[in-house]
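Each value in this text was obtained by applying a stated rule to the coordinates, not by laboratory testing. Quick caveat: nothing in here was measured; it's all calculated off a predicted structure. All Cβ positions, glycine included, derive from the backbone under ideal geometry; neighbour counts span all protein chains shown.
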């Protein structure tokens, strides 16, 4: 589903190279965990997948279902099925959450050649999704993410993911800022979406999240490259011994 | 007025002076009113204000007013649907009031022509200081409008909508409203039309003790019209006034706001949105006087600038020496969406009291790229995402109004503007 080939990318503003020859393949139905120390390029990778303009790909390619996505803007990528759950979701005053959800869902439907949702059907879907994440509907009456706690924002991201039904879900440190109960709710939300035709790229610092969302593969990112790949036991090994050993091996 | 002798009259100045001579015999008014008109045209003869006059620095009326249309008494125009269904509509059509007005309990309406003829309106025709070009223009030419009196204690359940609808030519209208003690009302002032008109419109509001009024100015002139307007209010003891101004049209627009808090406990809120497009010039100039102790005010202005539009907000707050415990805050935020657009903000605080809380702030920003990315990352195309963000920027001010029918009505006007200019 996702093939990243010898990817090099830098920050547009100052030219700093962050991703330096990254290779990664994720199959449909797979949950791939990306781990790595601070500054290894994890969040940058998620932004590049989503198409943020602050980064420029200088070499290599990203293929999604066999097609390069480098020429697509963020909206085109999103309607083709790529979803990024943000580490720090934006607060956008003045944009009503419900209105935003409706517009976003209908953009997905338009891309698939479907009619816009009727209001009752839309409300039903939002209510169901919110209930499954133990979210209060009153929260969704507020402007988008405004006044949400860190945990509420993360839940709202998963709510959007549920409603938009993407095929490639990139979760950028979805566990940060969550207490144990919220972590469980969010993880259950993600697990419920696991499907043979859907893949997940789960970016995290900690093994903790991977106890709830059990990965098929684990990849260690360091200085903009995948330096080691393995199965879920690699995450346990990192938790026990830190990154130093793996980094030493690679060097 | 500009007291410097002008070397030569502009075509607009000449046209106004000539028009006064031609219209004089048609203008209603008793002796006192006609004297006020004479004084007013004398002021215009001294010349329209230029950028050398401080309060007109960003709007050089002499340079910008480059054509004055003739009066066109034959032009036809019809009343339009009010923004809130069920409102009592008082329409001024091409400068002329209706002989029949809807009956609303607790409300007395008189045609302004009658008040000019009997002279009872004369004291209110004095201009506001020496630089008051709009006041002078209006006093010279005003022929009609409505005088509205809301009785003490009356609580109106539906808005009154004052419509000033132009059909080209010139219209000069005055809309004095008295709100009695303890009365509550929503008043909508619609300013629109379809011609390349010169419009002057002066609204005068007096709020009695404990009265509460929300006044909405919805200005949607075509991009060919010159719209020169004033809103003047006195807010009495414990009275509350919320003034909402939506400027969404006009070629040359100046909306002046002169407000005085005249009784302790008076509260004034100004909320404004300026939606500026095309090759236009729009100016909102406020002078607020806190004249007595314990009064409060907040002003929030949001501007969206597109195309080659130029916008101005001048906000002057005078806190008089006696007006201790004044609390006044002013903010002006601009979203600049084009390289050719511009917006000038001039906040001024003049404080003579020593125990007050006053502040002001101004920002000019572009669309937040992080916000744009977030919306696009959810599949919303760039144009729609930008539209959502721009609308959000101004809708915040509307949503604060806290009255659902009003919020919906204004958002509908907002949507119309975005459809036309998005």
Q | Most to least packed among B:102-111, B:349-358, B:179-188, A:18-27 [average Cβ atoms within 10 Å] | A | B:179-188, A:18-27, B:102-111, B:349-358
**Q.** In degrees, nearest ten, helix A:180-193 long axis to first principal axis of chain A (Cα)
**A.** 90
Q.
If you average the C-alpha positions of segment A:170-200 and of segment A:201-245 separately, how far apart do those two centres end up, in angstrom?
A. 16
Q. Percent relative contact order of segment B:74-125, based on C-alpha pairs within less than 8 angstrom and at least six residues apart?
A. 23
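Relative contact order (percent) for segment B:11-421, with alpha-carbon contacts under 8 angstrom and 6 or more residues of separation?
10
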Q. Listed highest first by mean packing, meaning other Cβ atoms within 10 Å per residue, what order do B:51-58, A:154-161, B:383-390 come in?
A. A:154-161, B:383-390, B:51-58
Q: Using a/c under 1.5 as the rounded threshold, could you call segment B:11-421 rounded, prolate or oblate? The axes a ≥ b ≥ c are square roots of the C-alpha gyration tensor eigenvalues, and prolate needs a/b larger than b/c, oblate otherwise.
A: rounded
(Q) For chain A, what does the helix formula give at 222 nm: sum of -39500 (n - 2.57) over DSSP H segments with n ≥ 4, over the residue count, nearest 500 deg cm²/dmol? (A) -11500 deg cm²/dmol
Q) Given the options B:32, B:248, B:377, which has the most mean-square fluctuation in a GNM of chain B, springs set between C-alpha atoms less than 10 angstrom apart? A) B:377
Q. Can you give the average number of partner chain beta-carbon atoms within 10 Å of each beta-carbon in peptide B:380-386, as a whole number?
A. 5
Q.
Working only with C-alpha atoms, what are the Rg and Dmax values of chain A, expressed in angstrom?
A. 18.0, 58
Q. Taking the Cα atoms only, what angle lies between the long axis of helix A:150-164 and the longest principal axis of chain A, rounded to 10 degrees?
A. 80
